[in-house]
Structure formats: structure tokens, C-alpha cells
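Novice: Dumping the structure here so I can ask a few things about it.
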Amino acid sequence: MLAPVVHLVTDRRVVADLVAAARTAFAGLPAGAVAVHLREKDLGGGDLLALARSLGAACREAGQLLLVNDRVDVAIAAGAAGVHLPSAGISAADARRLLGPGRLVGVSCHGLEDVRRARDGGADYATFGPIFDTPSKRAYGPPVGLAALAEASRLGLPLVALGGVDAENAPRVMAAGAHGVAAIRAWLASPDPAAAVAALAAAARGLAVAR
């Protein structure tokens, strides 16, 4: 399964009702346009599973994909489309054995060795970044920049760029070799999530957004 071009990462600190935000963001999108990453590290297993099931239902209604971050068990129980693993999590190969074929396995990567490991472990894609400065990624170090993205993309694993990516700079990211783009605030903090996601998708594909 090929990962979508646009990845929408959740953060309940930005918006409390993620299901409502997702339903709004999906308006007008073709099926398979986005993957929603359920990334709520503070939630215990039971609460995370309940949210995954609710968010997963909204994704299925709109023909979009739900990926659960880190928790393979929750992804399986919720019937999610796949899992996204932290760089220090279980290996992509182990996740694949647990999930079976037909589901996406992604890995967070921050450098060339991370990407090689994810590729060799059988990951379908990897996120790569942070590309630009952004408050949510400062704890992971300085931005890696577009040159590092270009170099990593040559390893052959589809890379989803994240970290300060928005509709304005998405074309530069794609030109550097990214398969897709990921965002948190660019969709959750927007007063019009549907327009923000549509603009991000159009920019990532190098299309002009109708005004």
C-alpha cells in the first residue's frame, strides 16, 4: 500500500475534539487523499483505543486512512490502516509480522541511518525531519533542512517531510524529493481546516489553489 501524499498528525493540545476536526478537514477530499496519524502519547491504552475507534470511523466514512502512532496493539484492535513507529520503537519488521500484509508501516526518521534502517526493515514509508523550525519539534534538535531531505530521498524509501511544512513551502519540499508532507498546526490551528488541508494537498502536488 502506498502512503498518501498528505499526513495529518493529531494533537489534543491544539484542538480537543479531534473527530470533529477530522470530519471538517475531510470535506471535499477524494478518497485516499490523506492519512491521519493518531499521536496522543499521554493517553493510556483504553482511552487511546476508544479515540482510535471513533477517529477510525470518521476516516472510513470519508475514505481516508487512520494510522496509530507507536501502539501496534491499538492499531490492530481499532482496525486501523497501519501504524507509525517512533525511531526508538519496535522495528518495522516486527510491526509487519504483527500487522500482517496490506497495512501501512511507517517510521519516524531524522537522518540517513534511520532511513536506511527503516527501508531495510520493510517500512512502507518514513517521516523525515524536522525540515523547518517548528515549536513542536525543537526538542528533537535543529531543522535538518532541504538538502538532507534530498540526500535521504535518494535511498529509495518514500519520505513524508514534516516540521514547519505548510502550503507555502510544500512545493519546495516536494521538489527536494519528498513523497508527501505532514502537518500538525497547519490543519488543527486553522480556522478553516478543510481549506487548509485542500491547500496543503494542492501545494504538495504542485497545483494552483483556486481562489
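Novice: Please work out if D120 is within 18 Å of the chain's Cα centre (by Cα), farther than 19 Å from T10 by Cα and modelled with pLDDT of 95 or more.
Specialist: Answer is no for this residue.
Novice: Which of (1) part of a helix (DSSP H, G or I); (2) within 18 Å of H110 (Cβ to Cβ); (3) of a type outside the set (K, R) is the odd one out, the single condition V197 does not satisfy?
Specialist: (2)
Novice: Of the residues P171, P101, P142, which is within 22 Å of A204 (Cβ to Cβ) and not charged (D, E, K, R)?
Specialist: Criteria check complete, one pass: P171.
Novice: A further question on this structure: Within the range 72-104, track down each residue that is assigned to a loop (DSSP other than H, G, I, E, B) and either surrounded by fewer than 22 Cβ atoms within 10 Å (Cβ to Cβ) or more than 18 Å from the chain's Cα centre (by Cα) (or both).
Specialist: G79, P86, S87, A88, G89, I90, S91, G100, P101, G102, R103
Rundown of residues vs (1) at pLDDT below 95; (2) under 24 Å from A92 (Cα atoms), yes/no style:
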residue: A16; (1), (2): yes, no
residue: A22; (1), (2): no, no
residue: A27; (1), (2): yes, no
residue: K41; (1), (2): yes, yes
residue: A52; (1), (2): no, yes
residue: G56; (1), (2): no, yes
residue: E61; (1), (2): no, no
residue: L66; (1), (2): no, yes
residue: R71; (1), (2): no, yes
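Conditions tested, residue by residue: (1) touching a Lys or Arg at 6+ places or on another chain (Cβ under 6 Å); (2) closer than 13 Å to P193 by Cα; (3) outside any loop (DSSP other than H, G, I, E, B).
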position	(1), (2), (3)
V14	no, yes, no
R23	no, yes, yes
A27	no, yes, no
L51	no, no, yes
G56	no, no, yes
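Novice: Scan the range 27-44 and report the pairs whose first residue is farther than 17 Å from A57 by Cα and whose second residue is surrounded by 18 or more Cβ atoms within 10 Å (Cβ to Cβ), with Cβ atoms within less than 7 Å and a gap of 6+ or a chain change.
Specialist: What qualifies is G28/A198; E40/T10; E40/L48; E40/L51; L43/L51.
Novice: Go through the range 9-21 and give me each residue that's touching a residue at least 40 places away in the same chain (Cβ under 8 Å) and either among the charged types (D, E, K, R) or in contact with a helix residue (DSSP H, G or I) (Cβ under 7 Å, 6 or more places away or on another chain) (or both). Step through it out loud before you land on a result.
Specialist: Of the range 9-21, the ones touching a residue at least 40 places away in the same chain (Cβ under 8 Å) are 9-11, 14-15, 21.
Matches in the range 9-21: T10, D11, V14, V15, A21.
Novice: How about the range 187-202: which of its residues are under 17 Å from the mean Cα position of the chain (by Cα) and under 25 Å from A175 (Cβ atoms)?
Specialist: Across the range 187-202, the qualifying residues are W187, A196, V197, A198, A199, L200, A201, A202.
Novice: Also: Can you tell me which condition T127 does not meet? The list is (1) part of a strand (DSSP E or B); (2) surrounded by fewer than 17 Cβ atoms within 10 Å (Cβ to Cβ), and all the others hold.
Specialist: Condition not satisfied by T127: (2).
Novice: (1) surrounded by 17 or more Cβ atoms within 10 Å (Cβ to Cβ); (2) without any contact (Cβ under 8 Å) to a residue 60 or more places away in the chain; (3) among the charged types (D, E, K, R): which one isn't true of D133, the others all being true?
Specialist: With respect to (1) surrounded by 17 or more Cβ atoms within 10 Å (Cβ to Cβ); (2) without any contact (Cβ under 8 Å) to a residue 60 or more places away in the chain; (3) among the charged types (D, E, K, R), D133 is out only on (1).
Novice: If I ask for residues that are hydrophobic (A, V, I, L, M, F, W, C) and surrounded by fewer than 24 Cβ atoms within 10 Å (Cβ to Cβ), which ones from the range 158-181 would you list?
Specialist: If the condition is that a residue be hydrophobic (A, V, I, L, M, F, W, C) and surrounded by fewer than 24 Cβ atoms within 10 Å (Cβ to Cβ), then A167, M174, A175, A176 are the ones that fit.
Novice: Right, next: Failed condition for L67, given (1) in a strand (DSSP E or B); (2) surrounded by fewer than 20 Cβ atoms within 10 Å (Cβ to Cβ), with all others met?
Specialist: (2)
Novice: Residue under question is D47, and the condition is that it be touching a residue at least 12 places away in the same chain (Cβ under 8 Å), among the charged types (D, E, K, R) and part of a helix (DSSP H, G or I); does it hold? Quick ask: steps written out before the conclusion?
Specialist: Details: touching a residue at least 12 places away in the same chain (Cβ under 8 Å): no; among the charged types (D, E, K, R): yes; part of a helix (DSSP H, G or I): yes.
No.
Novice: Would you check if G102 is in contact (Cβ under 8 Å) with a residue 40 or more places away in the chain and at positive phi?
Specialist: Details: in contact (Cβ under 8 Å) with a residue 40 or more places away in the chain: yes; at positive phi: yes.
In short, yes.
The values are calculated or read from the model by the stated rules, or taken from the named source; none is laboratory data. These numbers come from a predicted model, not from an experiment. Every residue, glycine among them, receives a Cβ derived from its backbone with ideal geometry; neighbour counts consider all protein chains shown.
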